[in-house]
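The values are calculated or read from the model by the stated rules, or taken from the named source; none is laboratory data. Just so we're clear, the structure is a prediction, and the values are computed from it rather than from any experiment. Neighbour counts are summed over all protein chains in view; Cβ atoms, including those assigned to glycine, are modelled from backbone coordinates with ideal geometry. These accessible areas exclude ligands, DNA and RNA; they are computed on the full protein's heavy atoms, side chains included. Shrake-Rupley method; radii C 1.70, N 1.55, O 1.52, S 1.80 Å.
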Amino acid sequence: MTTPREIAIKLMEATSMLGDPRAEDPLVPTLSEADYYRIACHMLFVCKRCGTCCTTGDPIKLREDDVRRIARHLRITPSRAMKRYAARRVSETGKSFLAMKHTRPCRFYDQSTKGCRIYEARPWSCRIFPFLGIYGSEDAVKVHTSCPGSIEAVKTLTEALIELKESGYMGTDDPDAVRRARRWFDDALLRLSP
Ligand code: SF4
Ligand code: SF4
C-alpha cells in the first residue's frame, strides 16, 4: 500500500518544473497543479459509507458506456437500461447531458447495507467522486464538506506535505524524476477506469 508520505513525495515531484519543457513527457499529458492534487487526494480517499452522496447527490451523471455496463451487469439490454435508469437533463448553461433518472436516493442505493447494488458497474461519476468530478474545471481542490472521506483525505495529504516540507524536502529539479512522477499519476487515473 502506498503511504501518504510516498504520495506527497510524488505530488511534489509531479508539480515541480511545471511549465518547463525539459520535464514534459510526450507520452503523458502534463496536468495542472490542482489536478495532481486532486489525484493525490483521490488516492488517499477512503469512503466512510455514510451514504450522503448516494442519497442526496443530483444529478448523477452518466456516460453512454456507463449505461452499457449497467445493462451488462443487470443482464438486460442497453436500450432497456437507458429507458429504466437514464434521462436527458439540461445544465444551467443549456447543455444536454445524460444522468440517472432516479436520485435522492439513487435507485441503486441499498439502505440496509449502506452500499451500492451495482458497485462493480457503478458509473464513472461515482468512481471519481469526490475529488475528480470537477476534474479540469477549477484551479483549486474542492473539499466536499458533506463527505467525511473527502475531509479526511485532504487532511491526511496536508499533514504529509507539511511534514515533508518541515524535513527540508522541496521537490526536484531532475526532469526524469518529474516525468516518472507524472506517469505515476497518469497510471493512477487509468486504474479508475472500469
Ligand atoms: S459522502 Fe463520501 S464518505 Fe459518504 S458515502 Fe459518499 S463518498 Fe463515501
Ligand atoms: S450508482 Fe451506486 S455509487 Fe453511484 S450514486 Fe447510485 S448507489 Fe451511489
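Brief remarks follow.
- Listed by chain and number, the aspartates and glutamates placed with their C-alpha closer than 19 angstrom to that of K114 are D58; residues fewer than eight positions away on the same chain are left out.
- Only Lys, Arg (+1) and Asp, Glu (-1) charged, at Cβ; segment 52-121 dipole about Cα centre in debye: 280 debye
- Between D20 and I151, the modelled labels are 3.9 nm apart [label points 7 Å from Cα along Cα→Cβ].
- Segment 145-154 - phi-based ³J(HN,Hα) in whole Hz, Karplus 6.51/-1.76/1.60, Gly and Pro as x: 5, 8, 10, x, x, 5, 4, 5, 5, 5
- Multiplying each eigenvalue of the alpha-carbon gyration tensor of segment 52-121 by 5 and taking the square root yields semi-axes of 20, 17, 8 Å, largest first, rounded to whole angstroms.
- Normalising by residue count, segment 6-49 has a Cα convex hull of 81 Å³ per residue.
- Between the residues V67, T93, C53, the greatest Cα displacement towards the positive end of the dipole of segment 52-121, with unit charges on the Cβ of Lys, Arg, Asp and Glu, is found for V67.
- Extension gain, L74 to T3: 0.36 nm times the residue separation minus the Cα-Cα distance gives 21.9 nm.
- Here the contact order of the chain, divided by its residue count and restricted to Cα pairs under 8 Å and six or more residues apart, works out to 38 percent.
- For the peptides 90-97, 16-23, 51-58, the ranking by packing is 51-58, 16-23, 90-97, with the highest mean count of neighbouring Cβ atoms within 10 Å listed first.
- Out-of-range pairs (alpha-carbon distance over 25 Å; input K83/K142; K95/K155; K48/K142; K10/K165): K83/K142; K95/K155
- Per-q log10 I(q)/I(0), the chain, q = 0.08, 0.10, 0.13, 0.19 Å⁻¹ (Debye; single scatterer per alpha-carbon; no solvent): -0.32, -0.49, -0.78, -1.29
- Measuring nothing but protein heavy atoms, the accessible surface of the chain at 1.4 Å probe radius is 53 percent carbon and sulfur.
- Over the chain, accessible surface divided per residue gives 59 Å², non-protein components excluded, 1.4 Å probe.
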